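Accompanying notes for the structure given below.
The values are calculated or read from the model by the stated rules, or taken from the named source; none is laboratory data. Remember, predicted model here, so these are calculated numbers, not experimental data. Reconstructed Cβ throughout: ideal geometry from the backbone, glycine too, with neighbour counts over all protein chains shown. Remember, those area values only see protein heavy atoms, side chains included, never the ligands or the DNA or RNA. Shrake-Rupley method; radii C 1.70, N 1.55, O 1.52, S 1.80 Å.
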Amino acid sequence: MTAIRWNQVGLWSLLLFLPAPIVIVVAASFSEAGYIRFPPDALSLRWYVEFLTDARWMQGFATSLLLAAAGAVVSSLAAFLAALVVTRRRSRFSSFFETAVLTPILFPHAALGVAMLALVSMFHVYGSFAGLLLAHCIMTLPYAYRPISVSLRKLDSAMEEASMSLGARPWETFWRVTFPLVRPGLITALLFSFILSFDEVTVTMFLVGPHVTTLPVQIYSFIQESGTPVVAAISTTLVLFTLLMVMLLERLVGLEFFVEPDRGRA
């Protein structure tokens, strides 16, 4: 009985400890003082107003939003085509091809940043939005590929064959049969790619230029120079934004689709 109580105490302590940094940041974002303080002496929305009215922060936020949206669409489309090739045309090269798609997960972000720097420099797009988009698509491709490939592997090919045997054209079969069945995987790929791209810092730091930068990189650079609670306000906004995206994913697909993708496989 004592062991069970100690296990419960340890569990609750862990559950309280994990969100503690976020609670501190959220509380500090409402501080009226010009420095991060916990608990705050007085509550104020001063730093949220500064974030929302400063053109530099808004430009970084817009760049991150556009970059994440474009990267999610491109990487999900590329992941869908790659998964379609692997699942429909099984060959001795399929496992090698799949490993190549998942390679970005295996490298440390610092090493990946150096590799991306060399890549964008080779294409003469360093410090541009195109260079950032190329790097973010490569980084998010493995996370988009996994749920889409799972959806395609779960798909019963007999349904597509029945559709075509009834006279449907290939594109009609895809739009009316294949696409609705793989839609959960596509939604999961889009949302996870968007979240990962929007919050990415390490690799992006190697690629930003004087005219194009993202909000997470701006936050990191600002912390090196100053420590006003505006970074806490921005961080709170990003945490809330990420939570809303996760809630949207749960509502549309269900998190168990991503966490336990192989359940129900035939």
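Table: residues versus (1) open to solvent by 90 Å² or more (accessible area, probe 1.4 Å); (2) at pLDDT 85 or above.
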position	(1), (2)
159	yes, no
168	no, no
177	no, no
196	no, yes
209	no, no
217	no, yes
243	yes, no
264	no, no
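Being closer than 30 Å to residue 152 by Cα and of a type in the set (D, E, K, R) is not true of residue 50.
Residues being under 27 Å from residue 111 (Cβ atoms) and either more than 21 Å from the chain's Cα centre (by Cα) or outside any helix (DSSP H, G or I) (or both) are represented in the range 183-205 by at least one member. Can you tell me which residue within the range 223-241, out of those that are at pLDDT 80 or above and small (Gly, Ala, Ser), is surrounded by the fewest Cβ atoms within 10 Å (Cβ to Cβ)? Result: 235. The set of residues from the range 179-189 being crowded, with 18+ Cβ neighbours inside 10 Å, of a type in the set (A, V, I, L, M, F, W, C) and closer than 20 Å to residue 85 by Cβ comprises 182, 186, 189.
The rows are residues; the columns are (1) at pLDDT below 90; (2) in a helix (DSSP H, G or I); (3) not small (Gly, Ala, Ser).
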position: 107; (1), (2), (3): yes, no, yes
position: 112; (1), (2), (3): yes, yes, yes
position: 124; (1), (2), (3): yes, no, yes
position: 131; (1), (2), (3): no, yes, no
position: 135; (1), (2), (3): no, yes, no
position: 144; (1), (2), (3): no, yes, no
position: 148; (1), (2), (3): yes, yes, yes
position: 153; (1), (2), (3): yes, yes, yes
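On the stretch given as the range 95-153, residues that are among the polar types (S, T, N, Q) and surrounded by fewer than 23 Cβ atoms within 10 Å (Cβ to Cβ) total 5. Of the residues that sit in the range 33-74 and are within 30 Å of residue 144 (Cβ to Cβ) and among the β-branched types (Val, Ile, Thr), which one is least open to solvent (accessible area, probe 1.4 Å)? Only one residue fits best here, namely 63. With the requirement that a residue be more than 25 Å from the chain's Cα centre (by Cα), assigned to a loop (DSSP other than H, G, I, E, B) and surrounded by 15 or more Cβ atoms within 10 Å (Cβ to Cβ), what does the range 14-32 give you? If the condition is that a residue be more than 25 Å from the chain's Cα centre (by Cα), assigned to a loop (DSSP other than H, G, I, E, B) and surrounded by 15 or more Cβ atoms within 10 Å (Cβ to Cβ), then 30 is the only one that fits.
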